[in-house]
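Worksheet: the structure to be examined is printed underneath.
The values are calculated or read from the model by the stated rules, or taken from the named source; none is laboratory data. In this text, all values refer to a predicted model and were calculated from it rather than measured experimentally. Neighbour counts run over all protein chains shown; Cβ positions are idealised from the backbone, glycine included.
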Amino acid sequence: MEREKALALWREYNSEDSLFRHALSVEAAMRHFARLYGEDEDFWGSVGILHDVDYQKYPEEHLAHSREILEKAGCGEALVRAVLSHGWGLCSDVEPQAKMEKVLYAVDELTGFIAACAYVRPSRSVLDMEVKSVRKKWGAANFAAGVNRGVIEKGAAMMGIPLEDLIRETILALRESAEAVGLKGAL
């Protein structure tokens, strides 16, 4: 699915700015990892945009309506399955198996955690953030308490990379889109 069509579909079911910034953050991470792995950047980016397509309209039934929404829009099974897999063990029984699915599973929560880390920096930016800044906040249970660190750790393990590498690459991805996702801050 082309980016503009993915954005239009997202907007058909969502309107909140914070959810839009999250969709763009996950898109940025997915595109970054697609480039690293030599995969289809546009396709992975569309998956990132659409991963929470049903969240605003159906927050208590997240992912229960995604298949219907995506299939109605003409999305193929690979995109649908990837979207469903990002909620594995939380609100979906679709286990991430493909590389794209594993990346989405890992970066969904991580982009939110990195954003929270950026918001408390003096610069309020991801542009000057390093892995050690994120790791410093990792063990503080009351910081970004809604972020499931276990999912991120499991995602890194599924991807076969150290957590620090996942964090580093996701920071780099968010730097590329810092202004669009609201993480440019004062820099």
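For the range 1-18, a residue qualifies if it is surrounded by fewer than 17 Cβ atoms within 10 Å (Cβ to Cβ), modelled with pLDDT of 95 or more and not polar (S, T, N, Q), and the qualifying residues are Arg3, Glu4, Lys5, Ala8, Arg11, Glu12, Glu16, Asp17.
Have a look at Gly150, Gly155 and point out the one that is small (Gly, Ala, Ser), assigned to a helix (DSSP H, G or I) and in contact (Cβ under 8 Å) with a residue 40 or more places away in the chain.
Details: Gly150 fails: in contact (Cβ under 8 Å) with a residue 40 or more places away in the chain.
One residue alone meets the criteria, Gly155.
Checking the stated criteria, His86 turns out not to satisfy the condition of being farther than 21 Å from Ile152 by Cβ and in contact with an Asp or Glu (Cβ under 6 Å, 6 or more places away or on another chain). Evaluation of Ser25 against the conditions (1) in contact (Cβ under 8 Å) with a residue 24 or more places away in the chain; (2) out of contact with any helix residue (DSSP H, G or I) (no Cβ under 7 Å at 6 or more places or on another chain); (3) of a type in the set (S, T, N, Q) shows that the sole unmet condition is (2).
Name the pairs: first residue in the range 163-178 and free of Cβ contacts under 8 Å to residues at least 40 places away in the same chain and farther than 14 Å from Glu109 by Cα, second residue of a type outside the set (Asp, Glu) and buried (at least 20 other Cβ atoms within 10 Å of the Cβ), Cβ to Cβ under 8 Å, at least 6 apart or on different chains? The qualifying pairs are Asp165/Ala156. Could you pull out the residue among Arg168, Arg135 that is out of contact with any Ser or Thr (no Cβ under 7 Å at 6 or more places or on another chain) and closer than 20 Å to His22 by Cα? Among Arg168, Arg135, only Arg168 is out of contact with any Ser or Thr (no Cβ under 7 Å at 6 or more places or on another chain) and closer than 20 Å to His22 by Cα.
On the given criteria, is Asp165 surrounded by fewer than 21 Cβ atoms within 10 Å (Cβ to Cβ), under 21 Å from Ala28 (Cβ atoms) and either touching a helix residue (DSSP H, G or I) at 6+ places or on another chain (Cβ under 8 Å) or small (Gly, Ala, Ser) (or both)? It is true that Asp165 is surrounded by fewer than 21 Cβ atoms within 10 Å (Cβ to Cβ), under 21 Å from Ala28 (Cβ atoms) and either touching a helix residue (DSSP H, G or I) at 6+ places or on another chain (Cβ under 8 Å) or small (Gly, Ala, Ser) (or both). Among all residues of the range 129-145, there is none that is in a helix (DSSP H, G or I), among the aromatic types (Phe, Trp, Tyr) and touching a Gly at 6+ places or on another chain (Cβ under 7 Å).
Of the residues in the range 95-103, at least one is in contact with a strand residue (DSSP E or B) (Cβ under 6 Å, 6 or more places away or on another chain) and more than 20 Å from Ala28 (Cβ to Cβ).
Looking only at residues of the range 51-82 that are hydroxyl-bearing (Ser, Thr, Tyr) and without any contact (Cβ under 8 Å) to a residue 24 or more places away in the chain, we find that the one that is surrounded by the fewest Cβ atoms within 10 Å (Cβ to Cβ) is Tyr58. Taking the criterion of being among the hydrophobic types (A, V, I, L, M, F, W, C), assigned to a helix (DSSP H, G or I) and surrounded by 20 or more Cβ atoms within 10 Å (Cβ to Cβ), the residues of the range 168-181 that qualify are Ile171, Ala173, Leu174.
Yes/no matrix, rows are residues, columns are (1) farther than 24 Å from Ile114 by Cα; (2) among the small types (Gly, Ala, Ser); (3) part of a helix (DSSP H, G or I):
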{"position": "Met30", "(1), (2), (3)": "no, no, yes"}
{"position": "Gly48", "(1), (2), (3)": "no, yes, yes"}
{"position": "Asp54", "(1), (2), (3)": "no, no, no"}
{"position": "Leu70", "(1), (2), (3)": "yes, no, yes"}
{"position": "Leu90", "(1), (2), (3)": "no, no, no"}
{"position": "Lys102", "(1), (2), (3)": "no, no, yes"}
